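Below is one structure, written out as structure tokens; the observations come after it.
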Amino acid sequence: MSQEKATIHTIAKATGLSLATVSRALAGSPSVLPHTRDKVLEAARQFNYVRDRAAVRLKTGKTHVLAFVMDRFDASQPGFKDLLLGLGDAIAGTDYHLIVLPDAAGEPDAQSGDSDALHTVRYVVERGLADGLVLTHTTPDDARVRYLQDKGFAFITHGRTRLSQPHGFVDFANEQYAAMGVQALAARGRSRLAMLLPTEGSVFRSHLAQGFAQACSEHGVQGECVQAVSLDDSPEAIYHWAVAQASRFDGLVISREAPVLPLISALSDAGLRVGHDIELVIKYSSPLPHYVRQPFMACFEDLHLAGLTMGQSMLAHFSHAGLASAQVLFPPPNLESFHQPG
């Protein structure tokens with residue numbers, strides 16, 4: 001005879017807790033004490049309890065889904081998995097689960113005129129696929145954010161916007177990182193600096209450019225934000241730019257580690273010695289720079305912490321709808337020196 005399916009009544013009886021407490025614990029409510037939640041979750045595991053999501057949705061109107069809208073540039077970034085792992089770790093042990101939706105590819109929607117990214121967001125909201133959204137690659141006047149604000153739909157962004165209506169975000173102070181890079185290069189006597197930037201349109205790019213330009217002015221050095229190539233271009237494009245143009249500079253600031261390998265190869269092929277003819281400052285979020293056997297300065301961005309913070313913020317919002325959205329700006333840690341001569 002098959003074992004009878006476990007219910008919350010089964011767990012309540014086994015733990016001696018009320019049905020209401022068991023239900024809140026299974027839903028991940030912060031009002032439940034940690035040891036009580038652990039007791040409930042352990043009983044649920046022992047009885048192989050699985051919540052009937054259809055029934056929960058009929059009763060509460062909630063999907064218990066957090067949706068991450070993945071920009072297609074994310075997939076090529078070494079630290080992207082850590083952002084996802086942070087989101088996943090935040091909701092582990094709760095009744096929420098994470099889905100990942102790449103933004104729409106191709107031309108803007110013919111009927112609505114939506115951009116690729118807005119089309120995906122609208123798709124989630126109109127079909128009720130999730131209780132909240134996580135967005136990346138924000139723009140100054142982000143249509144996705146304005147749409148979600150108009151709909152009153154829960155969301156948080158990895159990155160800031162310049163919209164007048166405040167919203168929840170988690171971000172890294174890239175303007176401070178750029179300024180730190182300039183200061184460090186100027187302190188080493190470098191005076192002809194360049195910065196490689198992400199593709200046009202992002203707030204991330206503007207913060208980096210502003211911090212770089214202001215610091216160059218303050219330290220009395222020449223600074224150029226490279227326009228001919230972006231960090232999101234192919235390794236081949238970055239290689240060819242560096243072979244042809246890098247000799248014009250004695251210091252480079254980079255805000256992502258993905259281009260480091262083609263860049264260093266190009267510098268070598270152009271006869272430039274890293275640490276002698278040209279210095280590098282790199283922002284990284286994966287172990288990759290540890291294995292680049294060239295001297296450079298580096299700054300770590302903890303994308304796991306960013307994902308964890310966004311996930312925790314969304315859980316808090318789900319439990320307390322009136323709670324003000326979190327706005328978290330992580331300052332850059334001090335620059336590290338990698339593989340410097342002893």
Output the number of residues of segment 200-234 satisfying the condition of being open to solvent by 70 Å² or more (accessible area, probe 1.4 Å), part of a helix (DSSP H, G or I) and within 20 Å of D71 (Cα to Cα).
0
With segment 235-342 as the region, which helices (runs of 4 or more DSSP H) entirely inside it contain at least 2 residues that are without any contact (Cβ under 8 Å) to a residue 60 or more places away in the chain?
235-245, 260-269
When residues of segment 174-184 are limited to those that are among the aliphatic types (A, V, I, L, M) and more than 21 Å from A258 (Cβ to Cβ), the one least open to solvent (accessible area, probe 1.4 Å)
V182
Over 28 Å from G86 (Cβ atoms) and touching a residue at least 12 places away in the same chain (Cβ under 8 Å): which single residue out of A187, A179, A194, A173 fits that description?
A194
Per-region count, segment 185-199, residues closer than 17 Å to I254 by Cβ and either open to solvent by less than 20 Å² (accessible area, probe 1.4 Å) or part of a loop (DSSP other than H, G, I, E, B) (or both)
10
Within segment 146-167, can one find any residue that is open to solvent by less than 30 Å² (accessible area, probe 1.4 Å), part of a helix (DSSP H, G or I) and closer than 30 Å to C225 by Cα?
no
Please go through segment 246-258 and give me each residue that is open to solvent by less than 60 Å² (accessible area, probe 1.4 Å) and in contact with a strand residue (DSSP E or B) (Cβ under 8 Å, 6 or more places away or on another chain), ordered by number.
A246, F249, D250, G251, L252, V253, I254, S255, R256, E257
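The values are calculated or read from the model by the stated rules, or taken from the named source; none is laboratory data. Nothing here was measured: the structure is a model prediction, and the numbers come from that model. All Cβ positions, even for glycine, are placed from backbone atoms using ideal geometry, and neighbour counts span all protein chains on display. Side chains included, ligands, DNA and RNA excluded: accessible areas come from the protein's heavy atoms. Shrake-Rupley method; radii C 1.70, N 1.55, O 1.52, S 1.80 Å.
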